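A short write-up of the structure that comes next.
What follows is calculated from the coordinates using simple rules that are stated; it is not laboratory data. Everything numeric here is computed off the predicted structure, so don't read it as measured data. A quick note on method: Cβ atoms are made from the backbone with ideal geometry, for glycine too, and the neighbour counts reach across all protein chains shown.
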Amino acid sequence: MELHIRGVSKTYSNGVQALKDVTLTIPAGMYGLLGPNGAGKSTLMRILATLQEPDHGSVRLGEIDVLSQKDAIRQTLGYLPQEFGVYPKVRAEELLEHFAVLEGLVDRRARKEVVEALLRRTNLWDVRKQKLGGYSGGMRQRFGVAVALLGNPKLMIVDEPTAGLDPAERVRFLNLLSELGETSVVLLSTHIVEDVSELCTRMAIIDEGEILLEAEPLRAIDDLRDRIWRRVIANDALSALAQEHAVISTKLFAGRTVAHVYSDTSPGPGFEPVEPTLEDVYFKTMAGRTDRRREPSKARPS
Amino acid sequence: MNLREIVRFEFVYQARRVRTWLCFAILLAVAYLVTRGNAEDAARAGGTLVNAPYGIAVTTVIANVLWVLIATAVAGQAAARDVQTRMHPLIYSMPVSKADYLGGRFLAALGINAMILLAVPAGMLLALFVPRVDSALLGPFRPAAYLSAYVLMAVPTAFAATAIQFSLAALARRAAVSYLGSVFLLVAVSMGAGIVANVLRQPTLGKLLDPLGYITVVGLLSKAWSSSEKNTVLVALEGSMLANRLVWIGIGLAVLAFTYQRFRFGDPAARPRAKRAMRRRETPIEARDARP
């Protein structure tokens with residue numbers, strides 16, 4: 001089963017264009033949608049989760065029209081929103097049971113088994129009798145995962161899931177997702193490059209509502225081989241370097257600035273070649289954009 | 001199946017809240033105290049019986065006015081708790097129809113309110129026995145008097161009021177907005193109906209508009225009925241009382257139908273982030289590149 005997103009656009013009433021003609025084909029497996037905050041990821045995710053209407057475009061999961069057959073898609077949808085709350089004064093097990101009934105798990109014994117299995121997989125079994133108001137952020141996130149996994153969704157929409165998790169929780173969560181990814185379409189939006197590089201077999205980079213790159217992470221990294229160079233510079237030398245070379249990213253390391261530069265040939269002495277990572281793919285893609293965006297401002301007197 | 005589960009979950013959730021039982025206790029106390037007051041008056045002046053059907057109807061109507069004020073949150077919470085706890089993206093993306101969702105929440109709120117209003121007959125009965133009222137002041141025990149007051153006066157009022165409170169909260173996505181509905185019912189409509197009935201001298205129209213049956217029962221019947229009528233005659237579902245109940249049940253249904261039409265399983269958090277987007281565009285790339 002594939003998810004087809006075709007020409008989806010969304011402009012908010014105040015004129016902010018959140019999505020510009022987004023077209024993506026997403027096969028079964030883990031798919032990463034990578035972009036900075038405010039890039040339009042959550043808008044796209046809400047549209048796929050039937051909670052928002054695009055102005056234009058179509059979305060299909062196999063035979064199902066996501067935009068018009070909302071009931072059909074909700075039968076097979078798992079959605080973990082970026083931000084959500086829960087009733088504070090109800091026990092986790094009770095609320096999960098309630099959601100399980102709504103997901104169509106009508107048979108009592110089958111439901112009990114599914115709920116128990118999910119509480120164990122999300123490591124909430126020991127705290128299932130606790131009220132949700134007493135849950136930490138990570139526990140609540142895992143509860144949301146359990147809700148999203150109810151009913152074995154064929155389409156799983158996960159919006160910035162790892163932001164609030166500690167490292168151990170993050171690993172456990174990503175394992176849960178990749179299990180599901182063996183049979184279902186799992187779309188993971190994130191601003192953390194590692195989430196994508198560790199998990200996803202395909203990815204897209206989005207900024208300001210536009211898809212900038214659609215690729216397989218390994219192949220995209222391979223394309224940058226022998227083209228990423230690194231140089232340690234003084235903190236105030238950055239603007240001079242940026243004048244001459246295509247600086248795609250800078251990082252602080254031990255109080256000094258480490259710049260990554262994109263170049264087909266060696267940019268000169270002082271530079272050493274580095275093994276490219278998905279982070280370089282991301283910054284290279286984003287840097288191409290910011291350069292274009294900067295050009296008009298050069299003409300402006302300042 | 002979904003409808004039943006939504007009603008069950010919401011009813012149980014609210015039945016476990018302290019607020020629900022606080023409302024119950026307040027109405028119980030008020031019904032008890034009003035009836036004890038009636039008993040003292042009856043002992044002093046004579047004339048009416050403590051458990052006169054008319055007295056039961058008046059006490060029910062007075063308790064209803066109080067109920068509209070104190071139990072507003074029942075409907076407001078049932079309608080808007082999902083948005084206010086921000087759980088709505090989870091539940092709105094589930095395979096639940098709008099009819100099951102809204103209908104289930106409304107029926108649960110109505111059920112909780114009907115349960116709270118049972119405190120009124122309970123309080124009135126308690127007042128007769130704890131401590132025991134002099135049997136000379138009591139007429140025969142007539143369950144029909146309590147039943148008719150509850151079924152004809154309290155429940156239709158609860159239906160209309162719950163429908164209005166629920167709809168306001170559901171469409172505004174805020175529980176507190178349901179108080180506007182309560183204030184509207186008590187101040188605008190009740191006072192308006194009183195003005196129509198007494199100042200404009202249109203008692204028929206006034207009785208029709210009165211959401212709580214206050215004018216009919218407390219205002220007009222108290223003058224029209226003799227003591228013996230008050231002691232023996234049940235407030236019946238006929239004439240202006242029947243018309244009034246039908247009008248308010250109709251208003252309740254119309255408000256619910258409107259809400260069903262207007263309500264959307266959308267995400268109200270999906271607000272455009274204009275300021276953030278503007279700021280982002282002005283940020284120099286060096287600052288943005290620090291971490292993706």
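For region A:42-151, which GluC sites (Glu not before Pro) are both in a DSSP coil and crowded by at most 15 other Cβ atoms within 10 Å? Could the numbers behind the result be given before it?
Numbers: sites: A:63, A:83, A:93, A:94, A:97, A:103, A:113, A:116; in loops: A:63, A:83, A:103.
Sites meeting the loop and neighbour criteria: A:63, A:83.
How do A:253, B:258 line up, fewest other C-beta atoms within 10 Å first? Before the final figure, lay out each step's value.
On the way: A:253 9, B:258 13.
Ordered by Cβ neighbours within 10 Å, fewest first: A:253, B:258.
What is the Cα convex hull volume of chain A when expressed per residue in Å³? Walk me through the numbers on the way to the answer.
Working: hull volume 50.9 nm³, N = 302.
Enclosed volume per residue, from the Cα hull, is 169 Å³.
Of all GluC sites (Glu not before Pro) in region A:169-256, which ones are in loop regions per DSSP and have a Cβ with at most 10 other Cβ atoms within 10 Å? List each step's numbers first, then the result.
Values: sites: A:169, A:179, A:182, A:194, A:198, A:208, A:210, A:214, A:244; in loops: A:182, A:208.
Sparse-neighbourhood loop GluC sites (Glu not before Pro): A:182.
Going Cα to Cα from residue B:230, which lysines come in below 22 Å? Please leave out same-chain ones fewer than 8 positions away.
B:207
Net charge around residue B:198, counting only other residues with Cβ within less than 12 Å of its Cβ (Lys, Arg = +1; Asp, Glu = -1)?
On the way: positive: B:201, B:207, B:223; negative: B:210.
Neighbour charge sum, excluding residue B:198 itself: +2.
Indicate, rounded to the nearest 5 percent, the antiparallel portion of the DSSP beta bridges found entirely in the protein assembly as shown. Please report the intermediate quantities before stating the final value.
Values: 35 of 54 bridges.
So the antiparallel bridges in the protein assembly as shown amount to around 65 percent.
Can you tell which of B:91, B:62, B:26 shows the greatest fluctuation in a Gaussian network model of chain B with Cα springs below 10 Å?
Highest fluctuation among the options: B:91.
Report Rg(Cα)/(2.2 N^0.38 Å) for region B:117-225, keeping two decimals. Working shown, then result.
Values: Rg = 17.4 Å, N = 109, 2.2 N^0.38 = 13.1 Å.
Cα Rg divided by the expected 2.2 N^0.38 Å: 1.33.
Sorted from fewest to most neighbouring beta carbons within 10 Å, what does the list A:191, A:260 look like?
Details: A:191 20, A:260 24.
So the ranking, lowest neighbour count to highest, is A:191, A:260.
Short version: what are the Cα gyration tensor semi-axes of the protein assembly as shown, square root of 5 times each eigenvalue, largest first, in whole Å?
Numbers: eigenvalues 845, 121, 83 Å².
Values for the protein assembly as shown, descending: 65, 25, 20 Å.
Starting from the Cα gyration tensor of region B:1-139, take the square roots of the eigenvalues, sort them a ≥ b ≥ c, and report rounded, prolate or oblate (rounded when a/c is under 1.5, otherwise prolate if a/b is larger than b/c, else oblate).
Details: a/c = 3.67, a/b = 3.32, b/c = 1.10.
Taking the square roots of the gyration eigenvalues as a ≥ b ≥ c, region B:1-139 is prolate.
Which order do A:159, B:100 fall in if you start with the one that has the fewest other Cβ atoms within 10 Å?
Numbers: A:159 24, B:100 18.
Listing A:159, B:100 from fewest to most nearby Cβ atoms yields B:100, A:159.
Partner chain Cβ atoms within 10 Å, averaged over the residues of A:169-176 - can you pull that number for me? Let's see the in-between values first.
Working: counts 0, 0, 0, 0, 0, 0, 0, 0.
That average works out to 0.
Tell me, what is the Rg over Rh of chain B, with Rh the Kirkwood radius over Cα pairs? Before the final figure, lay out each step's value.
Values: Rg = 23.8 Å, Rh = 21.2 Å.
Reported Rg/Rh, Kirkwood definition of Rh: 1.13.
Do you know the Lys pair count in chain A for C-alpha distances under 15 Å, with sequence separation 8 or more or different chains? Could you put the intermediate results ahead of the total?
Numbers: A:10/A:20; A:10/A:41; A:20/A:41; A:70/A:154; A:89/A:129; A:89/A:131; A:112/A:129; A:251/A:284.
Close lysine pairs found across chain A: 8.
Considering only A:90, A:158, A:196, give the residue with the highest GNM mean-square fluctuation for chain A, with springs between Cα atoms whenever their separation is below 10 Å.
Maximum fluctuation in the GNM of chain A, among the listed residues, is at A:90.
Classify region A:222-299 as rounded, prolate or oblate from the Cα gyration tensor: take a ≥ b ≥ c as the square roots of its eigenvalues, call it rounded if a/c is under 1.5, otherwise prolate when a/b beats b/c and oblate if not. Could you put the intermediate results ahead of the total?
Numbers: a/c = 1.57, a/b = 1.13, b/c = 1.39.
Oblate.
Return, for the Cα atoms of region B:164-207, the radius of gyration and Dmax in Å, separated by a comma.
Spelled out, the Cα radius of gyration and Dmax of region B:164-207 are 13.5, 40 Å.
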